[in-house]
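Quick notes on the structure that follows.
The values are calculated or read from the model by the stated rules, or taken from the named source; none is laboratory data. Given the structure is predicted, the values throughout are model-derived calculations rather than measurements. Quick reminder, even Gly has a Cβ in these numbers, built from the backbone with ideal geometry, and neighbours come from all protein chains shown. Side chains included, ligands, DNA and RNA excluded: accessible areas come from the protein's heavy atoms. Shrake-Rupley method; radii C 1.70, N 1.55, O 1.52, S 1.80 Å.
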Amino acid sequence: NALNVWNENLGRITVEGKNESDKRKFYTGLYHALLGRGLASDVNGAYPMNNGEVGQIPLGTDGKPQHNHYNTDAIWGGFWNLTQLWAMVYPEYYADWIQSQLLVYNDAGWLGDGIANSKYVSGVGTNFTGLAIAAAYSAGIRDFDVELAYEAARKNELEWTGRIEGAGKMDVRQFVERGYSPYLEHLGFQTTDAGSGFGASHTLEYAFSAHAVAQFAKALGKEDDYEQLSRLSKGWGQLYDAESGFIRPRDADGNFIEDFDPSQPWRGFQEGNAWQYTFYVPHDPQGLIVLLGEETFNNRLDSIFT
């Protein structure tokens, strides 16, 4: 039975060619991509709730659960490749992942960064679940409570009152009110309501996810939300430093940080530096090209790989 299940899942993509080594690499990678989230609900639809009790997933007319519930690592970075794979080849798995997030949202009031037995496990301190939900909707995957999903995604981008640490984005108030998250050197790897040790990368991340949820709002006819989120999606521009030609952290007073080295990691940028993160404007590449200049943009994009 296990062999049949795996053959059905892996067999949804057929690789042509005669290079057995390449095929082995491809299907091993595909296997890992599907294995990354662990089933957390039982065959009868029982699942572990955030408060430690046992919840129940609604059953269909066939007596089987309408969806599964998964433990899930943070989706931070996963939207570059994993959710795209799900959308194209495993839409029902993508929908289940969203249902898992909404179960926890219903139980505890916030989308989770990562969840383990429905407990929040914030490994990176940010949260792209709202973006991933909006992306699914845009891809035509809507086998979930769309209004509830939008409510959760909107709250994730715009609200902070009562926000718990496991939901990530503890500095989202700063982003909503200022348009950027201040870099606070003394926080190190921490994030608080006042700002973050990763203020620059958070600003870029929140701008991108605001853009994504703005498209969700527009599709549902929520114009006020669309306009607010679209304004916030431009927040990245506040950190562009024309003098250096890089995204540069700003402090709480609005000043660019001193002794700026674009190659220095971890100072305002999580797991990266300004060379890498300056390109993090996937929703407005033309805007970035205008600021950098086409020649600089092309040369830097080419040279960063070498």
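Here are the numbers:
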read-out: Filter result for the condition that a residue is within 20 Å of I141 (Cα to Cα) and open to solvent by 30 Å² or more (accessible area, probe 1.4 Å), over Q56, Q84; value: Q84
read-out: Identity of the residue in the range 132-149, open to solvent by 10 Å² or more (accessible area, probe 1.4 Å) and assigned to a helix (DSSP H, G or I), that ends up nearest to I75 (Cα to Cα); value: A135
read-out: Failed criterion for D251 (all others in (1) open to solvent by 40 Å² or more (accessible area, probe 1.4 Å); (2) in contact with a Phe, Trp or Tyr (Cβ under 9 Å, 6 or more places away or on another chain); (3) touching a residue at least 40 places away in the same chain (Cβ under 8 Å); (4) more than 15 Å from G199 (Cβ to Cβ) hold); value: (4)
read-out: Among the candidates S201, S196, residue that is touching a residue at least 12 places away in the same chain (Cβ under 8 Å), buried (at least 24 other Cβ atoms within 10 Å of the Cβ) and farther than 25 Å from I289 by Cβ; value: S196
read-out: Residue in the range 173-191 that is over 15 Å from A217 (Cα atoms), open to solvent by 40 Å² or more (accessible area, probe 1.4 Å), part of a loop (DSSP other than H, G, I, E, B) and modelled with pLDDT of 95 or more present; value: no
read-out: Some residue of the range 30-51 being open to solvent by less than 60 Å² (accessible area, probe 1.4 Å), in contact with a strand residue (DSSP E or B) (Cβ under 8 Å, 6 or more places away or on another chain) and at positive phi; value: yes
read-out: Failed criterion for W110 (all others in (1) part of a loop (DSSP other than H, G, I, E, B); (2) within 24 Å of P282 (Cβ to Cβ) hold); value: (2)
